[in-house]
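Some notes on the structure that comes next.
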Amino acid sequence: MTAPQEPWDPGLQNERTTLAWVRSALSFAAVGTLVAKQAGGAATFGVLMVLALLTATLMAATAERRHHGREGALRSSRSVAAPLPILGTTVATVAVAALAFVAVTT
Amino acid sequence: MSRRPSWAQRLQEQGSDPDPRFSFANERTFLAWIRTSLALVAAGVGVDAFATDIPAWGRRSLAGLLVLLGGVLSTFAFRRWLRSEQALRAKRPLPTNQLAPVIGYGLTLGAVLAVALIMLG
């Protein structure tokens, strides 16, 4: 069973999801720019900055395409779950945290 | 769609597709936890960069604690997303929230450490 019974507008939920991804991209960008000042010093900060900004860019650049993908999945009653972007985001966040940990404790 | 790794395939093969609203809400909740993790990392980096009044060892431990908390939280966020999606597909109740205690205790520890460092310094 995929379709809900009562009337609802799928467009709003997809839009909120896309906005959530954009906000997350902005969070990565914020971390990247925060460490930019210290990136001139230790190499770890530099790598951290690049990783955070790259993640932000990738996330934002693919947002539109993934929005359309979710739209298509809704129309054809396929699953809208996105395991790969979610795993990718987790890996990027762990990497950012690991780099930041090394950077702030050394 | 492109090829999917086996774990993602297994996820989609279990149970049945849930109401898309629930999958969307699950995804947005995951992203909210990720943003919380990143905020903790940013706080740690901020402490490292700007809290010059407290001794170096204190600064490093507090910064390290905040960053570590952020990293741990993000792995919990993924696990929560996966278990919730599995529960939605199997029409089981959603797993209990284990993330809130982690951040609750972790932030309390950080706050106590910060206050102690400021009082000592």
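The table for this structure:
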read-out: Counted residues, region A:45-73 - those being more than 11 Å from chain B (Cβ to nearest Cβ) and part of a helix (DSSP H, G or I); value: 15
read-out: Of residues in region A:38-73 being hydroxyl-bearing (S, T, Y) and over 19 Å from B:R4 (Cβ atoms), the one surrounded by the most Cβ atoms within 10 Å (Cβ to Cβ); value: A:T55
read-out: Output for region A:74-86, where each listed residue is more than 7 Å from chain B (Cβ to nearest Cβ) and either within 18 Å of the chain's Cα centre (by Cα) or buried (at least 21 other Cβ atoms within 10 Å of the Cβ) (or both); value: A:P85
read-out: Qualifying positions in region B:85-100 - within 22 Å of B:L38 (Cα to Cα) and open to solvent by less than 60 Å² (accessible area, probe 1.4 Å); value: B:L99, B:A100
read-out: Hits in region B:54-67 (condition: within 9 Å of another protein chain (Cβ to nearest Cβ) and surrounded by fewer than 21 Cβ atoms within 10 Å (Cβ to Cβ)); value: B:R60, B:S61, B:G64
read-out: Of residues in region B:32-53 being among the polar types (S, T, N, Q) and in a helix (DSSP H, G or I), the one least open to solvent (accessible area, probe 1.4 Å); value: B:S37
read-out: From B:A87, B:A49, residue being under 22 Å from A:A29 (Cβ atoms) and more than 15 Å from the chain's Cα centre (by Cα); value: B:A49
read-out: Sole exception among (1) modelled with pLDDT under 95; (2) crowded, with 17+ Cβ neighbours inside 10 Å for B:F78, by number; value: (1)
read-out: Where a residue in region B:105-117 is under 14 Å from B:A63 (Cα atoms) and open to solvent by less than 40 Å² (accessible area, probe 1.4 Å) and its partner, wherever it lies, is outside any helix (DSSP H, G or I) and not aromatic (F, W, Y), with Cβ under 6 Å and at least six apart; value: B:L117/B:I54
read-out: Output for region A:87-106, where each listed residue is surrounded by fewer than 18 Cβ atoms within 10 Å (Cβ to Cβ) and either over 16 Å from B:F30 (Cβ atoms) or in contact with a His (Cβ under 6 Å, 6 or more places away or on another chain) (or both); value: A:A95, A:A98, A:V102, A:T105, A:T106
read-out: Among (1) open to solvent by less than 30 Å² (accessible area, probe 1.4 Å); (2) under 30 Å from B:R59 (Cα atoms); (3) within 9 Å of another protein chain (Cβ to nearest Cβ); (4) hydroxyl-bearing (S, T, Y), the one test that A:T17 misses; value: (2)
read-out: Members of region B:1-31 found to be in a helix (DSSP H, G or I), more than 7 Å from chain A (Cβ to nearest Cβ) and within 21 Å of A:T17 (Cα to Cα), listed by number; value: B:F22, B:A25, B:N26, B:T29
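The values are calculated or read from the model by the stated rules, or taken from the named source; none is laboratory data. It should be emphasised that the depicted structure is a prediction, and the values quoted were computed from it without experimental measurement. Methodologically, a virtual Cβ is constructed for each residue, glycine included, from the backbone with ideal geometry; neighbour enumeration extends over all protein chains shown. Just the protein is used for accessible areas: all its heavy atoms, side chains included, with ligands, DNA and RNA removed. Shrake-Rupley method; radii C 1.70, N 1.55, O 1.52, S 1.80 Å.
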